[in-house]
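The values are calculated or read from the model by the stated rules, or taken from the named source; none is laboratory data. Predicted model only: the values in this text are computed from it and were never measured. Cβ atoms come from the backbone with ideal geometry, glycine included; neighbour counts cover every protein chain shown. What goes into the accessible areas is simple: the full protein's heavy atoms, side chains included, and nothing from ligands, DNA or RNA. Shrake-Rupley method; radii C 1.70, N 1.55, O 1.52, S 1.80 Å.
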Amino acid sequence: MSPSLLPWYYVGQRFAIALLTLLIISFTVFFATQLLPGDVAEILLGQAATPEAVAGLREAMGLNAPALSQYAGWLAGLAHGDLGTSYANRMEVSELISGRLANSLRLAGVTTLISVPFALALGILAAMYRGSALDRAISICTISVISVPEFMLATLAVLVFAVWLGWLPALSIGGNADTLGGLLKTYAMPVISLAIGVSAQMVRMTRAAVIETIQTPYVEMALLKGASRWRMVIGHALPNAIGPIANAIALSLSYLVGGVIIVETVFNYPGVAKLMVDAVATRDLPLIQSCAMIFCVSYLSLITLADIVAILSNPRLRR
Amino acid sequence: MTLTKTLAAVLPTPGRLGYRFNLAGRTGLCVIAFWALIAVFGPLMSPYAPGEIVDWDYFSPMSGQFWLGTDYLGRDMLSRILMGARYTVGISLAAVAITVTAGVLLGMTAAVIGGWFDMVLSRLLDALNGIPSLLFGLVVVAAVGSSIPVLVLTLAAIYIPGAYRYARALAVNINTMDYVTVARARGETTFYLATREIFPNILGPVLADLGVRFIFIVLVLSGLSFLGLGVQPPNADWGGLVRENLEGMSLGAPAVIFPSVAIATLTISVNMFIDNLPVKIRDRSE
Amino acid sequence: MTDRLPTNWTSRDDAMVESAIRRGATRRDLLRMLMASGVGLAAGGTLLGSASRAVAATPVAGGSIRAAGWSASTADTLDPAKASLSTDYARICAFYNRLTFLAEGGALQMELAEEIATVDAKTWSIKLKSGVQFHDGKTLSADDVVYSLSRHLDEATGSKVHSIAAQMTEIAKVDELTLRIVLAEANADLPTILALHHFMIIADGTTDFSTANGTGPFICEAFEPGVKSVGVKNPNYFKPEGPYLDSFEFIAIADNTARLNALMSGDIQLAGAISPRALRMMEGQDAVWASTTTVGNYTDLNIRLDMEPGSKAEFIEGMKSLIDRELIRKSVLRGLGDIGNDQPVSPASRYYNPDLKPRAFDPEKAKHHFEKAGVLGAEIPMVASDAAASSVDMATVVQQAGAQIGMKLKVDRVPSDGYWSNYWLKAPIHFGHINPRPTPDILFSLLYASDAPWNESHWKSEKFDGMLREARGMLDEEKRTAIYHEMQAMVSDGAGTVIPAFMANVDGVSSNLGGLKPNPLGGLMGFAFAEYVWLKD
């Protein structure tokens, strides 16, 4: 293999590994679901679950097949791009998910666009002027922001901007999203609540990673040779810090797809995090699996991307 | 090398600032010590039983009788915060210690050994991370029941993959450095490479990571308690206190403000302490 | 807080004044009532103004509203048989009709039925209204009703009322608009049973519930499970007066604070299940008011009589004396509820036994009983969960009372997830939550008969079973009431279910919404609000 192709070999290997991981995760999730007490028939009947009624419904829903064969069936369907049918309401899982996934991705996308550049800039600034008043101000601000429970931050935002000031709608659903102004209003609060949380974390990780590379001998050399602080950071420290930074960003962003249950709840935003919670509550195996797969795919693509960025940015790793 | 290292450590932080650094670090340490003392002795000082309804009113303001007001049921907030310190400080510190120790050890080992070991470990932890934490929490409750040690381990399990991933990324970078290659060529053991060459060089970011992870654990704790895992009523951790009194926010009730303040002082001081620690620690390690 | 209201005046009192107005009290009566409660004349006058505003006004047609319940999930359904959550009920009430409707005060009205007749309470003849159309244009006939009712008998339907429906041994068409129902045993309550949400009438042969084809006041325009439902006015609705709204949207906001905030900010006009603690925030606000109804739902502490320690009668007695009902009503429910006396028939029911006094809170007596049972000092777990409303708070109240007499009661908070299938009815001491049912017969058959599916404390009494059967077939109201009174006393005395209080339902209502009335089937007018509310100009 020619040396120039070697990085791409690694990249290809990463994708293969990611696929394998996906398979492991789908089985883990399936296994975890099996450990939970109760099944969809019992849960759907809720308080009305008499043994006979449960048995009848189970039979009617085809739940009497062994769990493993239900899983195998779902997996086989997945291979053909079929996510299966929800146990709870007999709708196509793809139909249930598609609209909500679009919502989640939109929210995550907008939040990423705002928070990543912002966080990188602040993190690098803080690292460059380490120990200065600016650095400490950034540090205290980020820590304070992460320290406030998310549900409190979101509720406070609603209280101030929707109830007291009346500037923004309290709910994200059904808002007037036809005009640009309406769109901004609808997304303003959820995006800001999320962006604040994820940026704070990225700022800290970026700062730490950049500082660490500043202290490596070759950057010190550059500094002693009289390179400017800017050139030193952008030209030497940053490329070497990209690996850890990319990983920190990937971890933060992966949370935006599946972990935003609080924001979805407080703003009544119909996304996939709430869908997953519902699915777990009703033991809706095909839906749980599909949601978990979506979270994993987003997580794996982000970290795989981060790994690739790390490999490509560090010449030593390529060898 | 020692000389340049020391230079680098001093260079961006002039001695003038060094003193203030220590002050900030010391302030952080004092606040942590304060809360640690409260966690140990707090319950002895509380004026009322934390679960007892002592006021017919609810969300009442601060008064001579109830220093920090009362909560949504009319229970004394001061007593509840004193009691909550034990859970929040104790559980979070234990969990974050386990998380970061395990994450860093595994991350360094994976980076130094590399190859198949690295890949298998990374995939396994990815798989662990792939289970949504709600599902994970429920499975734990169903499988092993609920107790404080279980809660600590669950928290650690939720955060280890993240700590591992970050530590590994740092270690992999250091692992390619010339001095590590030299050490390896000398025939040093994996243990030596990890502890002597890599660990001191990733300590700074790892500690920063620890600080942030500590905050997450403090906040997630209350969520797990609501799943029925861990702290049982009438006791509650601080996050749980904020959560259960959230309705009082629009009334500006102290019941929601003070637990938040308690969380903020603890988490900020832990991070302040950590941020001002690395210089010293690194000096010692060389 | 505005100076308009006296400081100790709360929405709770507003609700009291309102209900007095509804009962027909004159202005003079009310002012006397207010004077007695220490409210000044001037303030009393303003209060009356705001309360009567909510009651008396002429409906206006037009407009659309958005209302919010508290629960929605992907299990949301348009199938009346499977309906289980507030969102389902609100939706099916708008899209379908029942044969009968339970109105304010438990008064039975005919809806799709023209007339329901019987001589022996066993064989019933139901005549339907003529000319009622489904949304797809089909005319209502006896076939549709036979199909809708028979579905519940098939286990594969997954009906929530399978066990209640099972008593209908024959459901047969007589002619186009008449059908006959034969019951296994006489049951005078059949017309009331048919008013349950699950007995909504759907078109013959319907199997697809992705949209709703009913006869109801609104046509289903959009239905996204777990997200929202939208209904537009049915122009061919069979009732001449309604509905007033052009359209309505129903969503669910699970978070209590978020739901209240949405109401206060004007994003929604009606919010179900407002927390009693939120009332303070609504007080003094002109834009919203709280509508309070007690319909008989309760959270109860169940002690299984067939397991330790509930098998010791003295333990049960001790627990019943250890419950501080007043504290639970005042602190946990913030006064929005009625004190219960360990039996399931609420004061809102016409069969309620007012002579049955709740047991007094008496820790010393409780201690005495526990000593006799030999359990004093032993650690006893009580299983509570957020799934059973307020049960965690109630558990801590009991725990504190126990701590004072050296009784170590431990609160085990378990996940809401799977609570009903894993802990309820199973743990030795646990909490349950029972939704309101319109008749004592349903309550007793479901919860206290020896073969009851949800016999929470596993209490068995042959005498009780006999009385239940006797009262069921009885058409003489007076005798029936007497039997029900006695049965309430038996449950209160013998069963291991401690029912400390009946909880009130509080709906948050925008002041420009008119027409909302209390209903015995639950808050939001028994979920049928869409048909009856209207927007003020």
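Counted over all Cα-Cα pairs of region C:324-397, pairs farther apart than 14 Å make up 72 percent.
Projected label points at B:MET119 and C:VAL60, each 7 Å from Cα along the beta carbon direction, are separated by 7.2 nanometres. Relative to the longest principal axis of the Cα atoms of chain B, helix B:133-144 runs at roughly 80 degrees. Put a plus charge on the Cβ of each Lys and Arg, a minus charge on the Cβ of each Asp and Glu, and nothing anywhere else: the dipole of region C:102-185 about its Cα centre is then about 40 debye.
When each of the peptides A:58-70, B:103-115 is scored by how many other beta carbons lie within 10 Å of its residues on average, the order from highest to lowest is B:103-115, A:58-70. Between C:ASN297 and C:MET503, the built amide H atoms are under 5 Å apart, and every one of these is 5 or more places off in sequence or on another chain.
Computed from point charges on the beta carbon alone (+1 for Lys and Arg, -1 for Asp and Glu), the dipole magnitude for the protein assembly as shown about its Cα centre is near 4400 Debye.
Can you give the Rg to Rh ratio for chain A, taking only C-alpha atoms and Rh from Kirkwood? Each step should come with its number before you reach the end.
On the way: Rg = 23.8 Å, Rh = 22.6 Å.
Using only Cα positions, Rg/Rh for chain A is 1.05.
Please name which of B:ALA85, B:PRO149, B:TYR164 has its Cα lying farthest along the dipole of the protein assembly as shown towards the positive end, using unit charges on Cβ (Lys, Arg +1; Asp, Glu -1) and the Cα centre as origin. Sorting the options by dipole projection puts first B:TYR164.
Looking at region C:446-537, which trypsin sites (Lys or Arg not before Pro) are in a loop (DSSP not H, G, I, E or B) and have at most 15 other Cβ atoms within 10 Å?
Numbers: sites: C:LYS460, C:LYS463, C:ARG469, C:ARG472, C:LYS479, C:ARG480, C:LYS536; in loops: C:LYS460, C:LYS536.
Answer in residue order: C:LYS536.
The string of couplings for region A:154-168 from the Karplus curve (6.51, -1.76, 1.60, θ = phi - 60°) is 5, 5, 4, 4, 4, 4, 6, 7, 9, 7, 7, 8, x, 7, 10 Hz, one whole number per residue in order, with x for Gly and Pro.
What Kirkwood hydrodynamic radius, in Å, does the protein assembly as shown give when the mean of 1/r is taken over all pairs of distinct Cα atoms and then inverted? Walk me through the numbers before you get to the answer.
On the way: mean 1/r = 0.0311 Å⁻¹.
Kirkwood hydrodynamic radius for the protein assembly as shown: 32.1 Å.
As a calculated quantity, the FRET efficiency between C:GLU115 and A:LEU113 at R0 = 51 Å, using C-beta atoms, amounts to about 0.20.
Order C:ASP208, C:ASP76, most accessible first, counting only protein heavy atoms with a 1.4 angstrom probe. Write down the numbers at each step before the final one.
Working: C:ASP208 95, C:ASP76 5 Å².
Sorted descending by solvent-accessible area, the residues read C:ASP208, C:ASP76.
Between region B:215-244 and region C:304-356, what is the separation of their alpha carbon centroids in Å? The distance from the Cα centre of region B:215-244 to that of region C:304-356 comes to 30 Å. In this structure, the residue pairs whose Cα-Cα separation is over 27 Å, taken from C:LYS173/C:LYS233; A:LYS274/C:LYS82; C:LYS127/C:LYS228; A:LYS274/C:LYS233; C:LYS320/C:LYS460, are C:LYS173/C:LYS233; C:LYS127/C:LYS228; A:LYS274/C:LYS233. By the combined test of axial Cα extent (at least 18 Å) and Kyte-Doolittle hydropathy (mean at least 0.5), the qualifying DSSP H helices of chain C come to C:41-55. The coefficient of translational diffusion for chain C, derived via Stokes-Einstein from the alpha carbon Kirkwood radius under 20 °C and 1.002 mPa s, stands at 87 µm²/s. Taking 7 Å steps out from each Cα toward its Cβ at A:GLU52 and B:ALA97 produces label points 5.9 nm apart. Of all aspartates and glutamates in the structure, the ones whose alpha carbon falls short of 18 Å from that of C:LYS372, not counting any fewer than 8 places away in one chain, are C:GLU308, C:GLU314, C:GLU317, C:ASP362, C:GLU364.
Only beta bridges with both residues in the protein assembly as shown are counted; by DSSP, about 80 percent of them are antiparallel.
Under 14 Å from the Cβ of A:ALA209, count the other residues' Cβ atoms, weight Lys and Arg +1, Asp and Glu -1, and hand me the total.
Working: positive: A:ARG130, A:ARG204, A:ARG207, B:ARG165, B:ARG168; negative: A:GLU212, B:ASP209.
It works out to a net charge of +3.
Applying 1/(1 + (r/R0)^6) with R0 = 45 Å to the Cβ-Cβ distance of C:ALA403 and C:ASP246, what FRET efficiency is obtained, to the nearest 0.05?
Working: r = 57 Å, r/R0 = 1.28.
My answer for the efficiency is 0.20.
In nm, to one decimal, how far is the C:ASP355 label point from the C:ASN435 one, both placed 7 Å along Cα→Cβ? Label-label distance for C:ASP355 and C:ASN435, simple model: 3.5 nm.
Give me the inter-chain shielding for A:209-217: mean count of other chain Cβ atoms within 10 Å, whole number please.
So the per-residue partner count for this stretch is 6.
Cross-link reach is defined here as a Cα-Cα straight distance under 12 Å, omitting same-chain residues fewer than 8 places apart; for C:LYS129 the aspartates and glutamates meeting it are C:GLU111, C:GLU114, C:GLU115, C:GLU176.
Among C:LEU356, C:LEU194, A:LEU78, the order of accessible area from largest down is A:LEU78, C:LEU356, C:LEU194, computed with a 1.4 Å probe on protein heavy atoms.
Projecting the Cα atoms of A:CYS291, A:PRO239, A:ILE97 onto the charge dipole of chain A, computed from C-beta unit charges around the Cα centre, puts A:PRO239 farthest toward the positive end.
With all protein chains kept in place, the per residue accessible area of region B:62-214 amounts to 34 square angstrom at a probe of 1.4 angstrom.
Positive-end ranking of C:GLY69, B:PRO50, C:ALA384 along the dipole of the protein assembly as shown, with charges on Cβ about the Cα centre, is headed by B:PRO50. Excluding same-chain neighbours fewer than eight residues apart, the lysines reachable from C:LYS463 by a Cα-Cα span under 18 Å are C:LYS479.
A simple charge model with +1 on the Cβ of Lys and Arg, -1 on the Cβ of Asp and Glu and nothing else charged puts the dipole of chain B at about 940 debye relative to its Cα centre.
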